[in-house]
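Notes follow the structure.
The values are calculated or read from the model by the stated rules, or taken from the named source; none is laboratory data. Note that the coordinates shown come from a computational prediction; the quantities given were computed from them, not determined experimentally. Because the Cβ atoms are built from the backbone with ideal geometry, glycine has one as well, and the counts that use them run over all protein chains shown.
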Amino acid sequence: MPLRIVLVRHGLSSFNLEHRIQGRDDLSNLTEEGQLQARRTGEALADLAFQAVYSSPLQRASATAAALLASHGAPLSPLYDTDLLEIDLAPWSGLLRSEVRALDPEQERRWRQAPETMELQRADGSRFLPVPELLEQAGRFADRLLAHHGDDDTVLVVAHNAILRCLVLHLLGLPASGFLRLRLDNASISVLNVVRGPEAPPSVQLESLNGTSHLGSPLPPSGAGCRLLLVRHGETDWNREGRFQGQIDIPLNPHGLAQAEAARAFLAPIPLQRAYSSDMARPLRTAEVILSSHPGVPLTTHRGLREIGHGLWEGRLESEIAAGWPDLLAAWKRSPETVQMPEGETIGEVWDRSLAAWNRIAAGLGPQETALVVAHDAVNKTILCALLGLSPADIWTVKQGNGGVTVIDYPRGAAATPVVTALNFTAHLGGVIDRTAAGAL
């Protein structure tokens, strides 16, 4: 088992409620609602056994950790780490956002549009870049965490919005310019898995991001701009067997139908205006089940969302492929972007067609419309890698469970950089941890 890192943002604070800038000053405390959120988060994590808990020492985070652990029942005390302090916004701390806009309009604009370029001034007159500095801080914490914990450990980290985003960026190998691509709500749960081999550097998988359904609403609230809900189809017998299915049109099995039904119930309260699916049977059936709670929503199929063509590998178990194409299979696991499937596709070809389909769908939505998109493992992974700022080489970095739900927002319009608001929700399938079949891509 890999090292599992569970990230939790602190609950609603007094400054969150007042729309004040918090930064790393300890002026804000946990509200009653924040306390309730922390307890609910502890209950949601009850089936996980933690080997260690790390927390920011700021009171809104430390109070969250204490309430979470009391609800969880873990006999642990948090280890406070100053490298989990929130971003340094000292000149702005305690100010309303409207006051910051009036005081420093240029840097406030940068904070909203390109925060990695925002520059502030310390009390001693020195200038600094808060986001790049925070990314370095996150790297220091991550290095110590990886040095102290081995495989099979599960570690809880309770901290703040900006530092946790920077921690995710660091672990995924992304630059500070990716800061606005991620969203972390109060008391949200995110999960990363770290696999280490004897020779290769650690590989990190983002299993889930910004899970909030344990707080009472299925999805994080939406704002301006359109929203897309990306869902992977339910399980098939070949997923369960670990057989490469590709473009062979395998139907959902009974468990896959149950997963589609769970996704239907989960998304039933969410207004939908449009729906799109791969034209293959397993995502199309998943979409139809979900839309049974949304009568009248049009469903459009799109060939660009088809699963990767595995060519001669389709229908085969991994052991059979290892016997016939051992070097190519090893390359597929190590460097998928280099592999041409025998009589099939490259991941780059899937990347191009799936992104083209996705961008056409997003561009066709109105500013307040929400659309459902149901597709496949490889297709979803290429789309999400692109939206996160990753490359075709990184498809193993993102997890997509059968029936999992991902939320993408376009707050600045479909032509601007999107926000991965939530990734791979599987709580409706039985818990915070994705326990769907690993299958074969």
Which ones in the range 389-413 are surrounded by fewer than 18 Cβ atoms within 10 Å (Cβ to Cβ) and farther than 29 Å from residue 310 by Cβ?
412, 413
Which of the residues spanning the range 131-181 are under 18 Å from the mean Cα position of the chain (by Cα) and among the charged types (D, E, K, R)?
165, 181
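Could you name every one of the helices (runs of 4 or more DSSP H) located completely within the range 5-115 that has at least 1 residues being surrounded by 17 or more Cβ atoms within 10 Å (Cβ to Cβ), among the hydrophobic types (A, V, I, L, M, F, W, C) and touching a Phe, Trp or Tyr at 6+ places or on another chain (Cβ under 6 Å)? Before the answer, list the steps.
Values: elements: 14-18, 32-44, 59-72, 97-103, 105-113.
The helices (runs of 4 or more DSSP H) meeting that bar are 97-103.
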List the residue pairs whose Cβ atoms are under 7 Å apart, where the first residue sits in the range 361-390 and is modelled with pLDDT of 95 or more and of a type in the set (D, E, K, R), the second is crowded, with 23+ Cβ neighbours inside 10 Å and outside any loop (DSSP other than H, G, I, E, B), and the two are 6 or more positions apart or on different chains.
369/226; 377/232; 381/395; 381/398
For the range 221-241, enumerate the residues that are closer than 28 Å to residue 184 by Cβ and surrounded by fewer than 22 Cβ atoms within 10 Å (Cβ to Cβ).
221, 222, 223, 224, 225
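Considering only residues that are among the basic types (Lys, Arg) and touching a strand residue (DSSP E or B) at 6+ places or on another chain (Cβ under 8 Å), which ones fall in the range 263-293? Steps first, answer last, please.
Residues of the range 263-293 among the basic types (Lys, Arg): 264, 274, 282, 285.
Matches in the range 263-293: 274, 282, 285.
Residue by residue through the range 324-345, note down the ones that are more than 28 Å from residue 196 (Cβ to Cβ) and either outside the structural domain of residue 390 (by TED's automatic domain parsing) or not acidic (Asp, Glu) (or both).
Kept after step one, since they are more than 28 Å from residue 196 (Cβ to Cβ), are these residues of the range 324-345: 324, 340-345.
Those that are more than 28 Å from residue 196 (Cβ to Cβ) and either outside the structural domain of residue 390 (by TED's automatic domain parsing) or not acidic (Asp, Glu) (or both): 324, 340, 341, 342, 344.
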Keeping to the range 398-425, report how many residues are modelled with pLDDT of 95 or more and in a loop (DSSP other than H, G, I, E, B).
8
Tell me the residue from 203, 208 that is closer than 24 Å to residue 276 by Cβ, of a type outside the set (A, V, I, L, M) and out of contact with any Pro (no Cβ under 8 Å at 6 or more places or on another chain), please.
208
Could you go through the range 250-266 and let me know if any residue there is out of contact with any helix residue (DSSP H, G or I) (no Cβ under 9 Å at 6 or more places or on another chain), in a loop (DSSP other than H, G, I, E, B) and not aromatic (Phe, Trp, Tyr).
no
Residue identified as over 24 Å from residue 166 (Cα atoms), among the β-branched types (Val, Ile, Thr) and in the same structural domain as residue 128 (by TED's automatic domain parsing) among 31, 41, 64
31
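Answer with yes or no whether residue 135 is over 16 Å from residue 8 (Cα atoms), in a helix (DSSP H, G or I) and touching a residue at least 40 places away in the same chain (Cβ under 8 Å).
Yes; evaluated as a whole, the condition is true for this residue.
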It is to be established whether one or more residues within the range 181-197 are touching a residue at least 60 places away in the same chain (Cβ under 8 Å), farther than 30 Å from residue 107 by Cα, outside the structural domain of residue 330 (by TED's automatic domain parsing) and not hydrophobic (A, V, I, L, M, F, W, C).
yes
Could you figure out which of (1) modelled with pLDDT of 95 or more; (2) surrounded by fewer than 17 Cβ atoms within 10 Å (Cβ to Cβ); (3) farther than 26 Å from residue 176 by Cα isn't true of residue 1?
(1)
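Of all residues in the range 207-223, which are part of a loop (DSSP other than H, G, I, E, B) and closer than 13 Å to residue 421 by Cβ? Steps first, answer last, please.
Let us first name the residues in the range 207-223 that are part of a loop (DSSP other than H, G, I, E, B), namely 212, 216-223.
212, 217, 218, 219, 220, 221, 222, 223 - these are the residues of the range 207-223 that are part of a loop (DSSP other than H, G, I, E, B) and closer than 13 Å to residue 421 by Cβ.
Residues that are under 18 Å from residue 273 (Cβ atoms), basic (Lys, Arg) and free of Cβ contacts under 8 Å to residues at least 60 places away in the same chain: does the range 296-310 have at least one? Quick ask: steps written out before the conclusion?
Of the range 296-310, the ones under 18 Å from residue 273 (Cβ atoms) are 296-302.
Narrowing the set further to residues that are basic (Lys, Arg) leaves none.
No, there is no match, as no residue in the range 296-310 is under 18 Å from residue 273 (Cβ atoms), basic (Lys, Arg) and free of Cβ contacts under 8 Å to residues at least 60 places away in the same chain.
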Can you tell me which condition residue 348 does not meet? The list is (1) touching a residue at least 40 places away in the same chain (Cβ under 8 Å); (2) under 22 Å from residue 407 (Cβ atoms), and all the others hold.
(2)
Search result, residues across the range 194-206 that are closer than 28 Å to residue 408 by Cα and not in a strand (DSSP E or B)
202
Could you go through the range 288-295 and let me know if any residue there is buried (at least 20 other Cβ atoms within 10 Å of the Cβ) and either modelled with pLDDT under 95 or in contact with an Asp or Glu (Cβ under 8 Å, 6 or more places away or on another chain) (or both).
yes
Under 8 Å between Cβ atoms, at least 6 apart or on separate chains: pull out the pairs that start in the range 270-287 with a residue that is assigned to a strand (DSSP E or B) and end on any residue that is of a type in the set (Ser, Thr, Tyr) and surrounded by fewer than 19 Cβ atoms within 10 Å (Cβ to Cβ).
274/300; 275/300; 276/300; 276/301; 277/300; 277/301; 278/301
